[in-house]
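The values are calculated or read from the model by the stated rules, or taken from the named source; none is laboratory data. Just so it is clear, the structure is predicted and the values come from calculations on it, not from any experiment. Heads up, the Cβs are rebuilt from the backbone with ideal geometry, glycines too, and the neighbour counts pull from every protein chain shown. Note: accessible area is taken over every heavy atom of the protein model, side chains too, but ligands, DNA and RNA are not part of it. Shrake-Rupley method; radii C 1.70, N 1.55, O 1.52, S 1.80 Å.
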Amino acid sequence: MSVYNFCFVRIFNISLLAGLLVSQLHSADRVTDRPFVTRSEVFASHGMAATSHPLATQIAIDVLKDGGNAIDAAIAANAALGLMEPTGSGVGGDLFAIVWDAKTRKLYGYNGSGRSPKGLSYEKLMEELESRGLESIPSKGVLPVSVPGCVDAWFALHDRFGKLPMDAILQPAVNYAREGFPLTEVIGYYWGRAVKIFAEQPGFLEVYAFEEGVAPQKGDIFRNPSLANTLELIGKEGRDSYYRGSIANEIVRFVQKHGGYLSMEDFETHEGQWVEPLSTTYRGVELWELPPNGQGIAALQMLNILEHYDFSKIPFGSSEHIHLFVEAKKLVFEDRAKFYSDPDFNDLPIEQLISKQYANNRRELIDLERASSTYPSGLPDHGDTIYLTTSDQEGNMVSLIQSNYRGHGSGVTPPKLGFCLQDRGELFSLNSSHFNVYAPGKRPFHTIIPAFLTKEGKPWISFGVMGGATQPQAHVQIVMNLVDFGMNLQEAGDAPRMVHTGSSQPTDEIMMDGGLLHLESGFPDETYSSLEEMGHKLAPSPGIFGGYQAIMKADNEVWVGASESRKDGHAAGY
């Protein structure tokens with residue numbers, strides 16, 4: 001080990017220990033639950049909502065009280081989050097959802113992801129990149145912008161399951177956009193970063209900053225009258241106002257003015273898809289995820305590998321627990337990098353990938369004593385997202401996730417509309433032989449994934465965890481925390497998390513084969529040194545551990561809610 005590496009490891013271990021001691025010194029002395037838990041679960045008889053913003057949660061509860069159902073409440077909360085948390089969501093992005101319908105007693109999945117511009121060929125894209133001195137699709141500007149699928153998904157969900165009129169559902173967000181709302185702390189932090197990152201993108205500062213480009217901070221009142229007008233128009237005139245009317249026309253005009261390729265044809269031909277959720281069993285519990293172009297089946301593959309090991313004899317947070325988890329992740333993310341893509345363009349071996357036999361074969365590659373080498377997935381790992389879940393007195397449950405991808409997405413913001421456009425196109429590969437290679441009218445590989453757990457075919461838990469490539473890893477950890485380690489709904493989210501990243505920066509000496517393992521404060525001290533001895537390379541990385549929300553249906557029909565302590569989240573019921 002070089003002197004640099006030795007010093008880094010020593011400093012890293014000291015900082016981890018210091019962080020752990022500080023967290024222990026300043027944690028509340030609760031009389032119930034485990035030491036790392038931040039709050040109690042929330043209980044209610046009629047309905048529940050858990051979102052990443054307290055005001056959005058209150059909106060969802062108000063909709064339920066006004067006669068709406070879980071689907072209405074989820075759409076209302078999502079619209080509010082696009083206003084209040086544009087650092088992770090908005091009507092310029094995509095949406096995925098899993099719905100438990102109490103009438104049919106069945107799960108329904110919706111893939112609300114948009115496609116690349118039909119008028120931008122692979123050859124033309126390569127010419128554009130070369131002219132701009134780029135070797136990959138950028139994360140900002142007009143080139144990575146794909147058709148937003150969020151609004152289409154709202155109306156698809158509403159047409160099938162909704163109760164209240166759409167204008168009534170969107171009205172709370174319209175009111176807050178006009179009257180203003182105070183920023184919360186974590187959102188305010190990321191908003192401040194975004195103003196610096198996207199300052200040069202067309203329209204961004206005009207919508208998302210105060211005068212002279214100053215970012216709003218926590219506690220500041222922020223208004224977005226342009227977004228209020230947009231949401232009001234969508235509520236009154238419906239889906240076509242976005243995809244065939246004035247909103248689409250303005251997006252196309254603005255994007256093309258700045259050198260982009262979205263056209264009216266791209267909007268007019270857009271449609272999301274109802275899809276069948278896929279599942280695997282894990283010790284008697286069924287985890288449901290949506291099929292590609294998303295990454296949800298990675299969680300299914302990981303659980304299939306881990307089911308072989310007896311975690312009743314492996315303590316939570318032990319080096320053996322973390323080692324097995326990380327090795328399973330490495331194996332699965334090789335498949336993720338190679339196969340996960342738009343099934344309309346590829347024949348994907350999904351049934352094989354999520355089969356128990358395939359997991360048995362792959363598991364044989366794991367060395368129980370040593371960390372293995374791996375290769376980068378070749379796909380970006382960072383992004384920001386919102387996740388929310390709702391339930392109602394009829395028994396309906398919604399697991400909904402929505403995102404612009406990189407925080408505010410591309411940063412491209414038509415000022416007349418009041419929202420930024422996503423940059424999902426960045427996730428396409430430029431390798432002409434790759435399943436996920438760029439093509440016109442194609443959906444890119446997607447990171448955002450909702451999740452749902454059932455027991456013997458009955459609804460149990462609707463949950464999700466925001467955060468790029470963290471998401472399938474966190475889904476697996478939540479399931480293991482609940483099933484293997486006997487945690488309650490809030491404990492499962494508050495427990496310290498681990499995230500393995502497989503890509504590296506070539507200038508960083510410590511980035512070698514095998515990737516990096518990031519651990520939150522709270523794991524036992526001996527775990528860190530033991531993992532290093534096994535060959536894992538540890539690195540601090542605050543802020544990448546995701547954001548969790550969940551609702552559980554208890555055996556006595558009571559709703560149980562839990563919310564993320566790492567963000568501004570809030571769970572509430574009535």
Original post:
Quick one: how many residues across region 498-518 are aliphatic (A, V, I, L, M), within 9 Å of ALA539 (Cβ to Cβ) and at pLDDT 50 or above?
Top reply: 2
Subject >> TYR190, sole failed condition from (1) at pLDDT 95 or above; (2) open to solvent by 20 Å² or more (accessible area, probe 1.4 Å) >> reply: (1)
Subject >> Within region 513-569, considering residues that are among the basic types (Lys, Arg) and part of a loop (DSSP other than H, G, I, E, B), the one surrounded by the most Cβ atoms within 10 Å (Cβ to Cβ) >> reply: LYS567
Original post:
Of (1) within 17 Å of LYS553 (Cβ to Cβ); (2) surrounded by 24 or more Cβ atoms within 10 Å (Cβ to Cβ), GLN402 satisfies all except one. Which?
Top reply: (1)
Original post:
Quick one: is GLU334 within 29 Å of GLU520 (Cα to Cα), within 24 Å of the chain's Cα centre (by Cα) and surrounded by fewer than 18 Cβ atoms within 10 Å (Cβ to Cβ)?
Top reply: yes
Original post:
Is it the case that region 8-15 has a residue that's at pLDDT 95 or above and out of contact with any Leu (no Cβ under 8 Å at 6 or more places or on another chain)?
Top reply: no
Original post:
Is it the case that some residue within region 529-539 is within 30 Å of ALA60 (Cβ to Cβ), modelled with pLDDT under 95 and either in contact with a helix residue (DSSP H, G or I) (Cβ under 8 Å, 6 or more places away or on another chain) or of a type in the set (Asp, Glu) (or both)?
Top reply: no
Original post:
Within region 232-240, can one find any residue that is closer than 22 Å to GLY425 by Cα and in a helix (DSSP H, G or I)?
Top reply: no
**OP:** Working only within region 443-464, note down all residues that are in a loop (DSSP other than H, G, I, E, B) and surrounded by fewer than 24 Cβ atoms within 10 Å (Cβ to Cβ).
**Re:** GLU456, GLY457
Subject >> Residue satisfying condition, being under 18 Å from ASN78 (Cα atoms), in contact (Cβ under 8 Å) with a residue 60 or more places away in the chain and not charged (D, E, K, R), within set PRO144, PRO148, PRO138 >> reply: PRO148
Original post:
Can GLY467 be described as open to solvent by 10 Å² or more (accessible area, probe 1.4 Å), closer than 20 Å to LYS330 by Cα and under 13 Å from the mean Cα position of the chain (by Cα)?
Top reply: yes
**OP:** For region 162-187, enumerate the residues that are among the aromatic types (Phe, Trp, Tyr) and either in contact with a Phe, Trp or Tyr (Cβ under 8 Å, 6 or more places away or on another chain) or surrounded by fewer than 19 Cβ atoms within 10 Å (Cβ to Cβ) (or both).
**Re:** PHE181
**OP:** Confirm whether THR413 is in contact (Cβ under 8 Å) with a residue 40 or more places away in the chain and under 30 Å from GLY47 (Cα atoms).
**Re:** no
**OP:** Working only within region 244-291, note down all residues that are among the polar types (S, T, N, Q) and surrounded by fewer than 21 Cβ atoms within 10 Å (Cβ to Cβ).
**Re:** SER246, ASN249, GLN256, SER263, THR269, GLN273, SER279, THR281
Original post:
Can you find a residue in region 199-207 that is within 20 Å of ASP94 (Cα to Cα) and open to solvent by less than 70 Å² (accessible area, probe 1.4 Å)?
Top reply: yes
**OP:** Write out, first by first residue and then by second, each pair whose Cβ atoms fall under 6 Å of each other, whose residues are 6+ apart or on separate chains, and whose first residue, in region 47-69, is touching a residue at least 12 places away in the same chain (Cβ under 8 Å) and among the β-branched types (Val, Ile, Thr) while the second is assigned to a helix (DSSP H, G or I) and crowded, with 24+ Cβ neighbours inside 10 Å.
**Re:** THR51/THR57; THR51/ALA77; ILE59/ALA76; ILE59/ALA77; ILE59/ALA80; VAL63/ASP72; VAL63/ALA73; VAL63/ALA76
**OP:** Note down all Cβ pairs under 6 Å where the first residue falls in region 295-313 and is surrounded by fewer than 19 Cβ atoms within 10 Å (Cβ to Cβ), the second is assigned to a helix (DSSP H, G or I), and they're at least six residues apart or on different chains.
**Re:** HIS308/ARG363; TYR309/LEU324
Original post:
Which residue, of SER318, SER241, is surrounded by fewer than 19 Cβ atoms within 10 Å (Cβ to Cβ), of a type in the set (Ser, Thr, Tyr) and within 29 Å of ASP167 (Cβ to Cβ)?
Top reply: SER241
Original post:
Before we move on, is LEU95 open to solvent by less than 10 Å² (accessible area, probe 1.4 Å) and under 21 Å from GLN256 (Cβ atoms)?
Top reply: no
Original post:
Of the residues that make up region 104-122, is at least one outside any loop (DSSP other than H, G, I, E, B), open to solvent by less than 10 Å² (accessible area, probe 1.4 Å) and either closer than 20 Å to TYR208 by Cβ or basic (Lys, Arg) (or both)?
Top reply: no
**OP:** Please determine, by comparing only the residues of region 16-51 that are touching an Asp or Glu at 6+ places or on another chain (Cβ under 6 Å) and open to solvent by less than 30 Å² (accessible area, probe 1.4 Å), which one is modelled with the lowest pLDDT.
**Re:** VAL37
Original post:
In this structure, does LYS218 turn out to be surrounded by fewer than 18 Cβ atoms within 10 Å (Cβ to Cβ) and closer than 17 Å to ALA76 by Cα?
Top reply: no
**OP:** Could you please find all residues in region 70-91 being closer than 20 Å to GLY238 by Cα and either in contact with a Phe, Trp or Tyr (Cβ under 7 Å, 6 or more places away or on another chain) or aromatic (Phe, Trp, Tyr) (or both)?
**Re:** ILE71, ILE75, ALA80, GLY82, LEU83, GLY90, VAL91
